[in-house]
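The values are calculated or read from the model by the stated rules, or taken from the named source; none is laboratory data. What you see is a predicted model, and the numbers here were worked out from it, not measured in a lab. Methodologically, a virtual Cβ is constructed for each residue, glycine included, from the backbone with ideal geometry; neighbour enumeration extends over all protein chains shown.
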């Protein structure tokens, strides 16, 4: 199916083609490495532009295409121009055709294209979730790539879907809107989607649930494991090529599970399903979302308290959310330490949080700086995946419960996301902790939180990070 489509592009029967395919399933091998060599070997006067999120990646595609043509010179009876054979730009000896590698967002100066191939215009989820980056890709497509086409030029977009508003999403929406308005005058897009797991009416003739490439290790069991690890939101986008609007789909109400606290004698227990844990045997930590400035009283301040079971289930025990000024945050953090005795408090290392971390450390408080190098949606995906597989529990009947769950369900379209931020931090923390951290600790409350053992407690918490 893919090769047949590429042949039609080469012949000019198709002018606009979108190919969507899961990661590591060979899309670049066929479209960006082999097809350019095959087409230009048969059409040595044509020019091809190969573009990807990185010019280095595009050069790699171009190099393989060049070497493929050289290896099969006898088949095509043409060869690479010895005076013009760099991976970034190479030509055909005796003809005007050739291949140019480019990075999405970069210039394509002085080059035309009978065929333009865009292979994965964004690098990762962080870029895909960035509205600025999506706009940058779109502007580049319209103002740079599209303007290099010859009158009968063709475009192939081959990519793994990340976001409903990615390049493929925008191209199809633009076409759909123009058709509805009666203003569409260009070529229509032919879309070929290869979902990792066959769905209804699979165009390859697979039965529902059949994997796309089991011979390469992506069998049904492996794909189910991937789905469990990354969550449905990511899996449906990357592997099924069905990205959905994030609102109401990252966190779903059916993911929510609950635990309760009960006393047996004077001993508090945490009951999670059929399991019962002594509360004092579980270790806890807090995640803190700070106010954004020192003066405003409108910024929310949140402290979430979490317990962790030996099987790495996260138990959300308490959420304290208020509006305070910057100088009041550290005293409130101390109150939360005295109330819950966590092993550490985690704070995002950015803006006011950076100063707060330094102040807390100077006063001997056990805080941990959490590096922030991704957008909010991307950071939320780890905890969202844990919710989906049933590894996060909320304390039932808590006063804060409705407000907290409403914020999760409305994220990222909702008015607030500070409580989600604390959950995202918790997911990252548990995800990176060693298994030994989860062992139940058979110590008494007085031993564990004796003020005389503060230094020992800090040393223990260091080993958990």
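Couple of notes before you dig in:
- Consider the range 185-196 and keep the residues that are out of contact with any strand residue (DSSP E or B) (no Cβ under 6 Å at 6 or more places or on another chain) and at pLDDT 90 or above. The one that is farthest from residue 241 (Cα to Cα) is 188.
- Residue in the range 315-327 that is modelled with pLDDT of 95 or more, within 28 Å of the chain's Cα centre (by Cα), farther than 26 Å from residue 402 by Cα and in the same structural domain as residue 404 (by TED's automatic domain parsing) present: no
- Residue that is modelled with the highest pLDDT, among those in the range 400-424 that are more than 22 Å from residue 232 (Cβ to Cβ) and in contact with a strand residue (DSSP E or B) (Cβ under 9 Å, 6 or more places away or on another chain): 422
- Scanning the range 172-182 for residues that are under 28 Å from the mean Cα position of the chain (by Cα) and surrounded by 13 or more Cβ atoms within 10 Å (Cβ to Cβ) yields 172, 174, 175.
- Residue check, residue 16 closer than 15 Å to residue 113 by Cα and assigned by TED's automatic domain parsing to the domain that holds residue 173: yes
- Boolean, residue 75 is assigned by TED's automatic domain parsing to the domain that holds residue 171, in contact with a helix residue (DSSP H, G or I) (Cβ under 8 Å, 6 or more places away or on another chain) and loosely packed, with under 14 Cβ neighbours inside 10 Å: yes
- Selected residue [touching a strand residue (DSSP E or B) at 6+ places or on another chain (Cβ under 8 Å) and touching a residue at least 40 places away in the same chain (Cβ under 8 Å)] from 158, 234, 230: 158
- Highlighted here are the helices (runs of 4 or more DSSP H) found entirely within the range 329-395 that include at least 3 residues which are over 29 Å from residue 123 (Cα atoms): 329-340, 351-362.
- The set of residues in the range 118-140 being out of contact with any helix residue (DSSP H, G or I) (no Cβ under 6 Å at 6 or more places or on another chain) and crowded, with 21+ Cβ neighbours inside 10 Å consists of 118, 120, 128, 134, 140.
- Residue list for the range 19-39, filter: surrounded by 18 or more Cβ atoms within 10 Å (Cβ to Cβ) and under 20 Å from residue 205 (Cα atoms): 19, 20, 21, 22, 27
So that you can scan it fast, the table gives a plain yes or no per residue for (1) in contact (Cβ under 8 Å) with a residue 40 or more places away in the chain; (2) within 27 Å of residue 389 (Cβ to Cβ); (3) buried (at least 19 other Cβ atoms within 10 Å of the Cβ):
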{"residue": "306", "(1), (2), (3)": "yes, yes, yes"}
{"residue": "310", "(1), (2), (3)": "yes, yes, no"}
{"residue": "316", "(1), (2), (3)": "yes, yes, yes"}
{"residue": "323", "(1), (2), (3)": "no, no, no"}
{"residue": "351", "(1), (2), (3)": "yes, no, no"}
{"residue": "357", "(1), (2), (3)": "no, no, yes"}
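- Test for residue 154: is it within 26 Å of residue 6 (Cβ to Cβ), part of a helix (DSSP H, G or I), at pLDDT 90 or above and touching a helix residue (DSSP H, G or I) at 6+ places or on another chain (Cβ under 6 Å): no
- Condition check for residue 169: surrounded by fewer than 20 Cβ atoms within 10 Å (Cβ to Cβ) and at positive phi: no
- Within the range 183-273, strands (runs of 3 or more DSSP E) holding 3 or more residues that are surrounded by fewer than 14 Cβ atoms within 10 Å (Cβ to Cβ): 257-264
- Taking the numbered list (1) touching a residue at least 60 places away in the same chain (Cβ under 8 Å); (2) within 28 Å of residue 7 (Cβ to Cβ) in turn, residue 90 passes all entries but (1).
- One residue stands out among those in the range 4-16 that are within 14 Å of residue 36 (Cβ to Cβ) and touching a helix residue (DSSP H, G or I) at 6+ places or on another chain (Cβ under 7 Å): the one that is surrounded by the most Cβ atoms within 10 Å (Cβ to Cβ), which is 6.
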